[in-house]
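Step one of this worksheet: look at the structure below.
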């Protein structure tokens with residue numbers, strides 16, 4: 001089997017073979033490929049900088065469920081099509097959205113981030129280009145975080161009043177630095193991100209990942225993220241749960257606190273107006289239209 005087909009948000013695990021799993025129903029938002037125990041989810045909206053639309057978030061959540069349900073998978077790898085890993089919340093087509101619609105969208109993004117953060121398997125991401133907003137939060141939620149040499153990171157959600165991913169970022173880089181990056185709207189390059197602990201290291205995405213053929217993909221992925229964990233999946237899941245701060249298995253209290261902080265910030269009246277004002281300001285400055 002070579003290549004992969006797009007994943008649509010359908011429930012339940014995919015059927016698997018000894019070498020690869022492909023998700024059957026086509027959809028444009030993301031690709032799931034499973035080869036030799038590595039489940040690679042490729043963000044696939046390059047024309048929008050892989051910004052997180054509502055449909056894309058649901059597709060990614062479904063892809064995670066499939067990957068976690070596959071007992072042959074030991075590692076989740078997040079990659080991206082195009083120049084940028086993920087430019088954050090998609091700020092397009094907001095004219096007909098209500099504040100309530102937007103609160104729900106952000107809550108679903110928090111569910112995505114929490115699912116990666118509390119995954120039962122090893123997680124990794126390789127981020128090229130702009131890795132901003134919720135895209136930077138998604139990167140920070142992974143265990144192994146590889147920045148391409150051209151990667152840049154920003155956390156601009158506070159610009160329209162959101163608290164999203166803050167605790168996880170603070171666990172990676174420290175409370176003071178996380179607060180400063182968010183409050184100052186800082187742009188962090190790959191070297192600074194690595195020095196601070198946001199990125200685990202700098203590594204270009206091997207060109208062979210884009211080539212056809214499962215063997216080439218698996219070899220490229222292993223080169224980037226290293227060998228499989230030396231312990232069995234169940235033991236790894238138990239160790240991951242037990243080693244999370246202040247919560248033990250599941251760490252539900254922290255997950256609930258993250259969601260509550262987000263919802264409190266997003267539920268303040270005028271969310272849509274704040275987002276539109278942020279988008280218009282960014283466009284005037286020549287920034288990307290996505291979060």
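Give the residue, chosen from 124, 119, that is touching a helix residue (DSSP H, G or I) at 6+ places or on another chain (Cβ under 6 Å), in contact (Cβ under 8 Å) with a residue 60 or more places away in the chain and either more than 13 Å from residue 88 (Cα to Cα) or not in a loop (DSSP other than H, G, I, E, B) (or both).
Every option except 124 fails the conditions.
For residues that are in a helix (DSSP H, G or I), surrounded by 12 or more Cβ atoms within 10 Å (Cβ to Cβ) and either at pLDDT below 85 or in contact with a helix residue (DSSP H, G or I) (Cβ under 6 Å, 6 or more places away or on another chain) (or both), tally how many sit in segment 202-251.
16
So is residue 136 touching a strand residue (DSSP E or B) at 6+ places or on another chain (Cβ under 7 Å) and over 20 Å from residue 278 (Cβ atoms) or not?
no
I'm trying to understand the selection: among the residues of segment 174-188, which are more than 20 Å from residue 275 (Cα to Cα) and surrounded by fewer than 16 Cβ atoms within 10 Å (Cβ to Cβ)?
174, 175, 176, 179, 180
Test of understanding: among 102, 112, which residue is modelled with pLDDT of 95 or more, surrounded by 20 or more Cβ atoms within 10 Å (Cβ to Cβ), more than 18 Å from residue 198 (Cβ to Cβ) and more than 16 Å from the chain's Cα centre (by Cα)?
After applying the criteria, what remains is 102.
Restricted to segment 254-291, and to residues that are loosely packed, with under 11 Cβ neighbours inside 10 Å and over 20 Å from residue 102 (Cβ atoms), which residue is modelled with the lowest pLDDT?
The residue in question is 286.
Conditions (1) closer than 20 Å to residue 138 by Cα; (2) surrounded by fewer than 22 Cβ atoms within 10 Å (Cβ to Cβ); (3) modelled with pLDDT under 95, marked per residue:
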{"residue": "9", "(1), (2), (3)": "yes, yes, yes"}
{"residue": "32", "(1), (2), (3)": "yes, no, yes"}
{"residue": "52", "(1), (2), (3)": "yes, no, no"}
{"residue": "57", "(1), (2), (3)": "yes, no, no"}
{"residue": "79", "(1), (2), (3)": "yes, no, yes"}
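Go through segment 127-145 and report how many residues are under 30 Å from residue 72 (Cα atoms), in contact (Cβ under 8 Å) with a residue 60 or more places away in the chain and assigned to a loop (DSSP other than H, G, I, E, B).
So the count comes out to 2.
Taking into account only those residues within segment 34-45 that are more than 18 Å from the chain's Cα centre (by Cα) and part of a loop (DSSP other than H, G, I, E, B), which is surrounded by the most Cβ atoms within 10 Å (Cβ to Cβ)?
Here the residue is 36.
If you go through segment 146-173 one residue at a time, how many are buried (at least 24 other Cβ atoms within 10 Å of the Cβ) and not in a helix (DSSP H, G or I)?
8
Can you tell me how many residues in segment 46-84 are over 21 Å from residue 107 (Cα atoms), in a loop (DSSP other than H, G, I, E, B) and in contact with a helix residue (DSSP H, G or I) (Cβ under 8 Å, 6 or more places away or on another chain)?
7
The values are calculated or read from the model by the stated rules, or taken from the named source; none is laboratory data. This is a predicted model, so every value here is computed, not measured. Here Cβ is always computed from backbone atoms with ideal geometry, including for glycine, and neighbour counts include all displayed protein chains.
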